[in-house]
Each structure stands twice: as C-alpha cells, then as structure tokens.
Ligand code: NAI
C-alpha cells in the first residue's frame, strides 16, 4: 500500500521542517521528489541526502512560490525533463505573528503572497500536466488555526483558512479531470516555525492537546503520503487534521 513508484512529486519549501519530512516520506515510497527551496541550497542538499539515505531519488530546485512566472518556469522544466508531475505538495509557508492592532500592510501582503498566492500559482502550473495525464494529487498545508483561530495569528490563520477555500474549490473544479485536491491541517508540530515559542506557551498548547504532546514532522508526512497515494482515490476536497485532537 501507498506505493509511489514512478511518480514525480514537487514539494515546496522542502529544505526543512514538515516539507523535508514530506520529501523523504514520498521518496521512500518510490516517488522522484523535486525539493523546492527559497534560498538555502545547503539545506535542500541535506534533504536530498536524506532522500538518498531512504533509498529514494530527487533533485533540488530554487524558486520563490510567490513569483508566478518562476513557478510556471519551474513546473514547465520539471515536466519537460521528467515527462510528468503527479504530486504537488504546497508546504511553503510563513507566519508573521502579530496582534491585530499592530499588523502592518507589508506583513499581510507577504503572508498572503507566500501562503495563498504561492499555493495558487503552484496549483495553476501543476494543473496543466495533471489534466493532460487525467490524474493528479494536490495537497495543501493548512493549519489547525484556520479552523480554531488563535490570538496573535489573525493574518496567518486567515491565510490558512483561505487555503481551505482554495482546496475545496479546486477539488470541485478538477475532480472530473482526475485531479484530487486536499488539505492537511497540522496542529502543534515540532519545527523551526514553532521552536521560538516561549516554553510556557508551548506547555499551554500541549495542555489543550488531548494526546498530550507536540506532533512530529513524520506524523504530518504520513498523512500527506496517504493523500498522495492511489489508495486515496476517493478522497477530495477534504481537510485531514493531524493535530492530536487539539481541534475536532
Ligand atoms: P518552516 O518555517 O520550518 O518551513 C517552511 C519552509 O517554507 C521553509 O523551508 C521556507 O524556506 C519555505 N518558504 C517560505 N517562503 C517561501 C517562498 N516564498 N518560496 C519557497 N519556499 C518558501 O515551517 P514548518 O513548521 O515546517 O511548516 C510547514 C508548513 O506547515 C507551513 O505551511 C506551515 O504554515 C504549516 N504548519 C506548520 C505547523 C507547525 O506546528 N510547525 C502547524 C500548522 C501548519
């Protein structure tokens, strides 16, 4: 089950955190993984090394997901060289946390340009080859806060809620073309994005999590693997929550 042999996957923001774990998990099941990174080539190479340690294969590719032309060029190049694009994981994201009364226009713009527009441009570029192949899997990384809300994350939670709307609309728009579109909504996961939180804040979040701990990047990656697999062929437009019961 969950074999991905012969498939080509693109994972945005694959050089660390959840994205890195997703790259390794997809590659371990046989997919050729294109590891997108924004700026840190060394970190992307580290992901590639882990892919190879897991017996997989892939390449790294630098582009900024918020640059529609760069995204289109990258996907065109992947399809030209590899002949296909089967799986897109929109993982790249940023969180610029701020109370509403302190939010600056540039914080809103940057967050939406990366989290929402970045995912949308990648979906747009990937849809062409997927429609042609009459098969495709798109997985968007949303967040528990899209549904639960969280003080200090007005912009971030709005951007992640927008991804759920995007996911549901694209699921309806492209179901007849054989492309499924789903979201994974992680809870509180141990990564660079969350490592900066004060210990007290971390403990408070864990206290609200029925499973009583932070999640791991591998636990999120497992959900992505499922949605990317043939076994998930009847699942589209869904939000798969990987949050330890924090929001049910
Ligand atoms: P992270 O901050 O460790 O990694 C995000 C990656 O996205 C980085 O490699 C970064 O370079 C890349 N990125 C940012 N802007 C980019 C751009 N314009 N173009 C290309 N790449 C770009 O984050 P983490 O924790 O691994 O999260 C991954 C995804 O999961 C994000 O979308 C995040 O919002 C989401 N998420 C994370 C949670 C957590 O607890 N860590 C909880 C819920 C959702």
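No value in this document is a laboratory result; all are computed from the given coordinates. Here the structure is a predicted model, which is why all the values come from computation and not from measurement. Note that we place each Cβ from the backbone using ideal geometry, even for glycine, and neighbour counts take in every protein chain shown.
Per the conditions (1) crowded, with 19+ Cβ neighbours inside 10 Å; (2) touching a helix residue (DSSP H, G or I) at 6+ places or on another chain (Cβ under 9 Å); (3) over 23 Å from residue 86 (Cβ atoms), the sole criterion not satisfied by residue 140 is (3).
Being touching a strand residue (DSSP E or B) at 6+ places or on another chain (Cβ under 6 Å), surrounded by 15 or more Cβ atoms within 10 Å (Cβ to Cβ) and more than 25 Å from residue 7 (Cβ to Cβ) holds for only one residue in 155, 145, 116, and it is 145. The residues of region 1-58 that are touching a helix residue (DSSP H, G or I) at 6+ places or on another chain (Cβ under 6 Å), more than 11 Å from the ligand (Cβ to nearest atom) and in a helix (DSSP H, G or I), listed by number, are 24, 25, 27, 50, 51. With respect to residue 171, is the statement that it is over 26 Å from residue 233 (Cβ atoms) and either in a helix (DSSP H, G or I) or in contact (Cβ under 8 Å) with a residue 40 or more places away in the chain (or both) true? No: the conditions fail for residue 171.
Kindly indicate whether any position in region 181-191 is out of contact with any helix residue (DSSP H, G or I) (no Cβ under 6 Å at 6 or more places or on another chain) and more than 12 Å from the ligand (Cβ to nearest atom). Within region 181-191 (the criterion being out of contact with any helix residue (DSSP H, G or I) (no Cβ under 6 Å at 6 or more places or on another chain) and more than 12 Å from the ligand (Cβ to nearest atom)), the answer is no, since none of the residues qualifies. For region 68-81, the criterion of being away from the ligand (no atom under 16 Å from the Cβ) and outside any helix (DSSP H, G or I) is met by none of the residues. When region 192-208 is limited to residues that are within 22 Å of the chain's Cα centre (by Cα) and loosely packed, with under 10 Cβ neighbours inside 10 Å, the one that is farthest from the ligand (Cβ to nearest atom) turns out to be 196. If you go through region 121-134 and keep only what is on the phi < 0 side of the Ramachandran plot and surrounded by fewer than 17 Cβ atoms within 10 Å (Cβ to Cβ), you end up with 124, 128, 131, 132, 133.
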